[in-house]
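See below for the structure under consideration.
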Amino acid sequence: MAGKVNLRIWRGDSKSGDFKDVQVDANEGEVVLDVIHRVQATQMSDLAVRWNCKAGKCGSCSMEINGKPRLACMTRMNTFEEGETITVTPLRAFPVIRDLVADVSFNYKKAMEVPSFEPPADLAPGEYRMQQVDVERSQEFRKCIECFLCQNTCHVIRDHEENKKSFAGPRFFIRMAELDMHPLDTIRNRKQQAQEEHGLGMCNITKCCTEVCPEHIKITDNAIIPMKERVVDVKYDPVRWLGSKIRKREGI
Amino acid sequence: MATGVFSEGRASIDKRTLRTDKWWLQPAATFGVLLSFVIYSTFRAFEKNYYWAEPLISPFYSPCISTACLDGASHFGQPIGTLVVFGMVISPAFFILVVPLGFRLTCYYYRKSYYRSFWMSPPACSVAEPHKKYTGETRAPLILQNGHRWFFYLGLVLNVILTYDAVIAFRNADGEWGHMSVGTLVLTLNATLLWLYSLSCHTCRHTIGGRLRSFSKHPYRYKAWSFVSKLNGNHPLYAWISLFGVAFADIYVRMVAKGTITNYYFF
Ligand code: SF4
Ligand code: SF4
Ligand code: FES
Ligand code: FES
């Protein structure tokens, strides 16, 4: 898509703001972030935009492009129609700082609320030995680049500000799943924590987090639903609950 | 006070979504298909007829366990009497339809489908939902979704019975074995699709191995889990085609029982 393109950029701060229309050149092979940078260089020198790697790996350039949560550096210009106006806004689930930059500190707060990995007391770092099959499931979740697109699209908080205090969000459900599936983690009540403290039950598995994840992590199928099933094991399944009391089963 | 995308501090944009694609198409189509199925199955459950045409039985009425069943349709006895409520005989379909109904209603995939299409929570991704409050599956009645596994187990029993129905369809109308008709194929296909749907279920995946923390200690369960995980990736597909399969099997048996068509025998 070479030539002129029409961009509608949201500009403003946490008090007020509006869309500004601009026309800008676009070259073959460019992505939305390139074009935004050109706007910044030629027409709006004070346009705020956050980015870092331009390779889809740092998770900084999250924004909404034609209403969809995307990485600006991974959204190619040739995916738009000729002459189509491309609307770009900051993430709409979080407070805006300025222009395209949203304040994502909610996520850092939530990250601190998840207890970190707790290895067995008798193992020193460097002594961890695990089978590949046992760590595989957790490894998928390590691909997360913390772009928070999943957090931003999740309707539990996007559409209900008041839920923010009681809901950790999909990015942290994969974190909890990662640790609960980890062969060496010794914290055994992560399931209960997920349900009682981090709002796992608020998720209605409508899968928007999975839809937007640029790392294609199967957030819902591989983390949230397995965690929900594990929660059922310990909280809502009287037979299993009884079984675990009698036999002290390993693995649940 | 404004909440959601209109909350104070967020970018002030007065649209509930800025999506430019046809995001409403999928929920609208899902709504249409699910509603048609509900209407058709309700009609069939109340019809109380045309569900048995030796040796074919409709999946909506199998097993037929009440004394109100048609002659010959009850392969597993009639432990339940004929119940009459307000002068109306309760359809034998009701006693068993609760199982597939409960199974599908609590299915993780159907939950997604109807939360989106019927409840619009959310209608599509990054399209604001119309509800003021939202508590998800944390309280009654939606907390009951956690009972999915019980319906899964009951569903397995039902699958065995419907497989039995497909097997006895290898007989002719006189009860002789070694015959095969279009009806045999229809019931076999239906049973196969139902097995695929059940085996690809998330609860199945969890039960068979997903709940383990160490796969290396349980190599066989790991294999089984890997297999079910593959099926699980196609769970939405199996959910849809098995739904169509059940409806189609019922329509076929109904037409044969009504005499609209004859059940063609290959041999
Ligand atoms: S599946 Fe759950 S966590 Fe993911 S976006 Fe939907 S409600 Fe949020
Ligand atoms: S899970 Fe995916 S969408 Fe969510 S923060 Fe990580 S990379 Fe981004
Ligand atoms: S700039 Fe790093 S992900 Fe886009
Ligand atoms: S049947 Fe769909 S998840 Fe169990």
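Nothing in this text is a laboratory measurement; each read-out follows from the coordinates by a stated rule. Note that this is a predicted model, so its numbers are computed, not measured. Note that we place each Cβ from the backbone using ideal geometry, even for glycine, and neighbour counts take in every protein chain shown.
Which aspartates and glutamates, on any chain, are close to B:Lys223 with Cα under 15 Å apart, when same-chain ones fewer than 8 places away are left out?
Cα-Cα hits under 15 Å: A:Asp134, A:Glu136.
Sorting B:Ser62, B:Ser198 on the 10 Å Cβ count, fewest up front, what's the list?
Listed from fewest to most nearby Cβ atoms, that is B:Ser198, B:Ser62.
If all Cα-Cα distances of region A:3-102 are sorted into 10 Å bins from 0 onward, what percent lands in each bin, rounded to whole numbers?
All Cα pairs, binned at 10 Å, distribute as 16, 54, 28, 2 percent.
Using θ = phi - 60° and the Karplus relation 6.51 cos²θ - 1.76 cosθ + 1.60, list the HN-Hα couplings for region A:193-205 in order, rounded to whole Hz, with x at every Gly or Pro.
4, 4, 6, 8, 10, 10, x, 4, x, 6, 5, 10, 6
List the residues, sorted by chain then number, that are 5 or more residues from B:Ser181 or on another chain and whose placed amide H is less than 5 Å from its amide H.
The answer is B:Phe266.
Please name whichever of B:Ser181, B:Val228, B:Tyr153 sits farthest to the positive end of the charge dipole of the protein assembly as shown, dipole taken about the Cα centre and charges placed at Cβ: Lys and Arg +1, Asp and Glu -1.
B:Tyr153
Sorted from largest to smallest, which semi-axis lengths in Å does the alpha carbon gyration tensor of region A:47-186 give for its equivalent ellipsoid, taking the root of 5 times each eigenvalue?
34, 18, 13
I need the phi-derived Karplus couplings for region B:141-154: 6.51 cos²θ - 1.76 cosθ + 1.60, θ = phi - 60°, integer Hz, Gly and Pro marked x.
Residue by residue, region B:141-154 yields x, 5, 5, 5, 4, 5, x, 3, 4, 5, 5, 4, 5, 4 Hz.
From the C-alpha gyration tensor of region A:201-250, pull out the three semi-axes of the equivalent ellipsoid (sqrt of 5λ each), sorted largest to smallest, in whole Å.
30, 11, 5
Give me the percent of DSSP beta bridges within region A:3-102 that run antiparallel, rounded to the nearest 5.
That works out to approximately 85 percent antiparallel.
How big is region B:206-264 by the Kirkwood estimate over distinct Cα pairs, in Å?
So the Kirkwood estimate lands at 14.3 Å.
Restricting the count to DSSP beta bridges whose residues both fall in the protein assembly as shown, what percent are antiparallel, rounded to a multiple of 5?
That works out to approximately 85 percent antiparallel.
Quick check: the distance between the Cα centres of region A:143-207 and region B:193-267, to the nearest angstrom?
30
I'd like the Karplus ³J(HN,Hα) series for region B:205-214: coefficients 6.51, -1.76, 1.60, θ = phi - 60°, whole numbers in Hz, and an x wherever there's a Gly or Pro.
4, 5, 5, 6, x, x, 7, 6, 9, 10
Need the list of lysines near A:Lys4 for cross-linking: C-alpha distance under 18 angstrom, and skip anything on the same chain fewer than eight residues off.
A:Lys20
Within region B:41-61, name every residue whose backbone N is under 11 Å away from a label modeled 7 Å from Cα of B:Phe266 along the Cβ vector.
The answer is none.
Within chain A, what is the longest stretch that has no chymotrypsin sites (Phe, Trp or Tyr not before Pro) placed in a DSSP loop and near at most 16 other beta-carbon atoms within 10 Å?
Between exposed loop sites, the widest span is A:129-252.
Would you mind checking region B:7-27 for residues with the amide N under 13 Å from a putative spin-label position 7 Å along Cα→C-beta of A:Glu81?
Label zone hits: B:20-22.
Would you mind computing, in nm to one decimal, how far apart the modelled labels at B:Ile241 and A:Glu146 are, each placed 7 Å from Cα along Cα→Cβ?
With each label placed 7 Å out from Cα toward Cβ, I get 4.3 nm.
Loop only by DSSP, 10 or fewer other Cβ within 10 Å of the Cβ. Give me the trypsin sites (Lys or Arg not before Pro) in region A:93-174 that pass, ordered by residue number.
A:Arg129
For labels at A:Tyr108 and A:Glu162 in the simple 7 Å Cα→Cβ model, what's the distance in nm?
Inter-label distance under the simple model: 2.9 nm.
What residue among A:Met74, A:Met44, A:Met202 shows peak mean-square fluctuation when chain A is described by a Gaussian network model with Cα springs under 10 Å?
Maximum fluctuation in the GNM of chain A, among the listed residues, is at A:Met44.
5 Å is the cut-off here: which amide hydrogens, built 1.01 Å from N in the peptide plane, fall below it relative to A:Phe19, excluding neighbours closer than 5 in sequence?
So A:Phe19 has HN proximity to A:Arg11.
Rounded, prolate or oblate: which fits region B:112-267, taking a ≥ b ≥ c as square roots of the Cα gyration tensor eigenvalues, rounded meaning a/c under 1.5, else prolate when a/b beats b/c?
oblate
Across 20 Å bins from 0, what is the distribution of all Cα-Cα pair distances for the protein assembly as shown, in whole percents?
Taking all Cα pairs of the protein assembly as shown, the binned fractions are 20, 44, 29, 7, 0 percent.
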